[in-house]
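Every read-out reported here was derived from the displayed coordinates using simple, explicitly stated rules and does not represent laboratory data. Quick caveat, the model's predicted, so the values are computed rather than measured. Note that each Cβ is placed from the backbone with ideal geometry, even for glycine, and that neighbours are counted across all protein chains shown.
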Amino acid sequence: MYAFRYQTASSAADAASRLAAHEDAKLLAGGQTMIASMKLRLASPSDLIDLAGAADLHGITVDAKGVTLGAMSRHAEVARSADVQKAIPVLAKLAGGIGDRMVRNMGTMGGSVANNDPAADYPAAVLGLNATVNTTTCSIAADDFFLGMYETALQPGEIITSISFPIAKRAAYMKFKNPASRYAMVGVLVAQLADGSVRVAVTGAGPVVFRVAAMEKALEASFTPAAVASIKVPAEGLNSDIHAQADYRAHLITVMAKRAVEAALA
Ligand SMILES: Cc1cc2nc3c(=O)[nH]c(=O)nc-3n(C[C@H](O)[C@H](O)[C@H](O)COP(=O)(O)OP(=O)(O)OC[C@H]3O[C@@H](n4cnc5c(N)ncnc54)[C@H](O)[C@@H]3O)c2cc1C
């Protein structure tokens, strides 16, 4: 690990001004990715700005419209929140299935979404539930946020402050996980939103989370497992690695989507 200056931010605005003061400064949330990247010398920030003390980035708010998670909400906090479990159960369940106990106790929703790992779980929730990413400068619709592998719409110096998830009529997430890391080899979130529209978001299968329009259309016509059972997603462009080939991942998308619909109806 290279030497760096450690700073603590007292608020999102404080973090933004500290970030702006040093060209090579980086934010530290749960450190689950950042610290490992620094140890491996894949990242060498001049300054590390710790968000843990920024009170306005913490907290979970639930009202009749939805759930807003502060960027520093730890996965374990979201998983055990009775309010989240009641309002958007799929969100609590998804958070509870991330990594292991240590990762869940340290990792944050904002860090996960900003990092946009192609196999991360939260991007499927953000896209599948049609959430809005709130930042220090603006609000970004889920459909505009995830641009590519580890690439998002965040501009340099922009910090995620919270994410607002609307309450869905029904939703479920099914993940075929890597048994070692628990990252998604394929994860599918199916949601029927309050207006009746359906979203199907897939993580782990491609370079970035994506929606499956054919499945959404079929489920809007008939929200049943049978509606997606024969819909195939082309393997072209999907990930092939030591864990699974693209055609296997393509097959898993249909299987996980069908199971997610079953779970959403249960
Ligand atoms: C062993 C292991 C297993 C894991 N398994 C899973 C899994 O099954 N599913 C899954 O989804 N994830 C998994 N993860 C990832 C983990 O859950 C974290 O979400 C992820 O590492 C990043 O979150 P963090 O809070 O630790 O962020 P950090 O590592 O602190 O930061 C990550 C990046 O985001 C930036 N950042 C942080 N907060 C903000 C913000 N508010 N605004 C803008 N940028 C910000 C940082 O500068 C950095 O570039 C795993 C990680 C490990 C180490």
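Quick notes on this structure:
- Area projected by the alpha carbon convex hull of the stretch 109-246, averaged over all directions, nm²: 8.6 nm²
- Since only Gln245, Thr136, Gly148 are under comparison, the one whose Cα sits farthest along the positive direction of the charge dipole of the chain, derived from C-beta charges on Lys, Arg, Asp and Glu, is Gln245.
- Efficiency of FRET from Cβ geometry, Lys65 and Gln245, R₀ 45 Å, rounded to 0.05: 0.60
- Among the trypsin sites (Lys or Arg not before Pro) in the stretch 42-120, those located in a DSSP loop and surrounded by at most 16 other Cβ atoms within 10 Å of their own Cβ are Lys65.
- Taking all pairs of distinct alpha-carbon atoms in the chain, Kirkwood radius in angstrom: 18.7 Å
- Across q = 0.23 Å⁻¹, the stretch 1-59 modelled as identical point scatterers on its alpha-carbon atoms has Debye log10 I(q)/I(0) values of -0.87, in the order of the q list.
- Excluding exposed DSSP-loop GluC sites (Glu not before Pro) (at most 13 other C-beta within 10 Å), longest clean stretch of the chain: 24-235
- With one equal scatterer per alpha carbon and no solvent term, the Debye-computed log10 I(q)/I(0) for the stretch 49-130 at 0.24 1/Å reads -1.28.
- Rounded to the nearest 0.05, the FRET efficiency derived from the C-beta distance between His22 and Arg101 at R0 = 22 Å is 0.05.
- In terms of distances greater than 31 angstrom between alpha carbons, the cross-link table entries Lys39/Lys177; Lys26/Lys258; Lys26/Lys232 yield Lys26/Lys258; Lys26/Lys232.
- Going from the fewest other Cβ atoms within 10 Å to the most, the residues Tyr173, Tyr2 appear in the order Tyr2, Tyr173.
- Net length available on complete extension from Ala213 to Glu236 is 6.7 nm, with 0.36 nm assigned per residue and the Cα-Cα distance removed.
- Distance (nanometres) between label positions extended 7 Å along Cα→Cβ at Thr137 and Ala180: 3.8 nm
- The order of Thr203, Thr137, going from fewest to most other C-beta atoms within 10 Å of their C-beta, is Thr137, Thr203.
- When Lys26, Lys175 are arranged by Cβ crowding within 10 Å, least crowded first, meaning fewest neighbours, the order is Lys26, Lys175.
- Distance between the 7 Å Cα→Cβ label points at Ser46 and Asp195: 4.6 nm.
- Per residue convex hull volume, Cα atoms of the stretch 1-158, in Å³: 109 Å³
- Only helices enter the 222 nm calculation for the chain: every DSSP H run of n ≥ 4 contributes -39,500 (n - 2.57), and dividing by all residues gives -9500 deg cm²/dmol, rounded to 500.
- Taking amide H as placed 1.01 Å from N in the peptide plane, Val67 has its amide H under 5 Å from the amide H of Phe165, Ile167, each at least 5 places away in sequence or on another chain.
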